[in-house]
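Coordinate-derived values only; no laboratory data. Nothing here was measured: the structure is a model prediction, and the numbers come from that model. All Cβ positions, glycine included, derive from the backbone under ideal geometry; neighbour counts span all protein chains shown.
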Amino acid sequence: MDYFGLFGVLCLWRNTLNSLRVELGSRSYPIYIGSDILQKMDITKYIHGQQVMIVSNETVAALYMDKVCAIFANSAFKLDRVVLPDGEQYKNLQHVNLIFDQLLTAQHNRTTTLIALGGGVIGDMTGFAAACYQRGVNFIQMPTTLLSQVDSSVGGKTGVNHPLGKNMIGAFYQPQMVVADINFFSTLPAREVSAGLAEVIKYGLIYDPEFFVWLEKNIADLLAKDVDAMCYAVQRSCEIKAEVVAVDEKEQGIRAWLNLGHTFGHAIETHQGYGNWLHGEAVAVGTVMALDLSYRLGWIDRSLLERTKKLFISANLPIHPPENMSEDDFLSIMSVDKKVFDGHIRLVLLEELGRAIVTDKFDMNLLKETLSISRKGLL
Ligand code: NAD
Ligand code: GLY
């Protein structure tokens, strides 16, 4: 029986509650993964004070706020909530300030715990608010999108966008725990499932060739939100992310691999206006561009580029950048990426399936070729 077969049996046998840990010494924490696990586990043991602030957005709160509040029914916790507008365009300091307003108005003290109930936007903003409020309070990640379960809720990157650059204001700040309930996907729009799959495919490309092959075989089940397939994809993605973060929490080395395609992708998001392209959609295009450059540098075979494009297309993801974006647009936005060092653009590229590299040692003319060819739809 292969790993997925074994995992599937364990999932069914154990009624789909699995856990793993992000090992960071005194800041280690568990990730719980499974279907319909919210009511089955005791979240309250990760809350050390008496105050709880649930942070969500209008869409997710309408669907799940009552269900999450029910966890605290008959308990002594003082429960408050703040509901933000929905969208990447609200991921800014102004809207983090609304969280502070609510915390202060409801007199939350240093022992409060924030719960991020939502996708990556809510998770990143809530984590940042937790890092700053009274110089740091506890928070719990309760991710509700595929993208947030496999990526943004794990590893402690928190923050907001600036008009001049994505995720440019932030802090590394780890949660107390992550609860990834697959059941949240029952209401998740298909476009958001596809966006999350872009980050799942990334893990196969940078770290786990077998997982990449598994994704090629199971992409239809994932799009159909098959519970066992989703459980496995979330579990394997979180395992990889936890391993990477455990060795490089502050992105001094291997953690940058997780940004495959992101320098191109962030440029697309910034240029198009936050919220117009989904993060995962921009990452899919950026990944194809990164692989195209890796191929031009002679590092990977053309067949891997073609397999990756095919997989993204099967996942209903775009593979070409927006038509209104010029090479200069890409280059000027990519020049303020967080990985830029000493004025040089550094990119995450692929050396082979399962191994990435962060480098500024590439011929700028080849990068320009990738930008030019991808814009003409010739990738
Ligand atoms: P998102 O948070 O905007 O959520 C996507 C949409 O789905 C929103 O409209 C949301 O209201 C809705 N939604 C959420 N859960 C739902 C559910 N269960 N049912 C129905 N609708 C639901 O987007 P996202 O893709 O989750 O996250 C993207 C953000 O994450 C970006 O800001 C990106 O920069 C960030 N990110 C951060 C990290 C990190 O390491 N911190 C990693 C990757 C991405
Ligand atoms: N999403 C990239 C990281 O967490 O490092």
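Amide H contacts for F139 (H built 1.01 Å from N in the peptide plane; partners 5 or more residues away or on another chain; cut-off under 5 Å): L114, Q176.
Seen against the Cα atoms of the chain and their longest principal axis, helix 3-13 is set at about 20 degrees. Roughly how tilted is helix 302-314, in degrees to the nearest 10 and between 0 and 90, from the longest Cα axis of the chain? Tilt of helix 302-314: around 40 degrees. Counting Lys and Arg as +1 and Asp and Glu as -1, what is the net charge of the other residues whose Cβ lies under 9 Å from the Cβ of G159? Value of the local net charge: +1.
Residue exposure proxy: E306, E88, ordered by other Cβ atoms within 10 angstrom of their Cβ from fewest to most, comes out as E306, E88. Taking a ≥ b ≥ c as the square roots of the eigenvalues of the Cα gyration tensor, an a/c ratio of 1.5 or more together with a/b no larger than b/c marks the range 96-172 as oblate. In this simple spin-label approximation, R302 and D328 carry label points 7 Å from Cα along the Cα→Cβ vector, and these lie 3.3 nm apart. Of the cross-linked pairs K250/K309; K166/K250; K91/K241, those separated by over 21 Å at the C-alpha level are K250/K309; K91/K241. Residues whose amide H lies under 5 Å from that of N57, counting only those 5 or more places away or on a different chain, are L84; hydrogens are built 1.01 Å from N in the peptide plane. Rg and Dmax of the chain, both derived from C-alpha coordinates alone, stand at 20.2, 65 Å.
Over the chain, DSSP H runs of length four or greater, each weighted -39,500 (n - 2.57), average out per residue to a 222 nm ellipticity of -14000 deg cm²/dmol.
Electrostatic tally near L63: other residues with Cβ closer than 15 Å to its Cβ, Lys and Arg +1, Asp and Glu -1, net -4.
Arrange the following residues from fewest to most other Cβ atoms within 10 Å of their Cβ: K310, K202.
So the residues, fewest neighbours to most, are K310, K202.
Between the Cα long axis of helix 209-223 and the first principal axis of the chain there is an angle of about 70°, rounded to the nearest 10. Label separation (V213 vs S75): 4.4 nm, computed from points 7 Å beyond Cα along the C-beta direction. For K157, the residues 5 or more places off, or on other chains, whose built amide H falls under 5 Å of its own are Y173.
Taking 7 Å steps out from each Cα toward its Cβ at V336 and M65 produces label points 3.5 nm apart.
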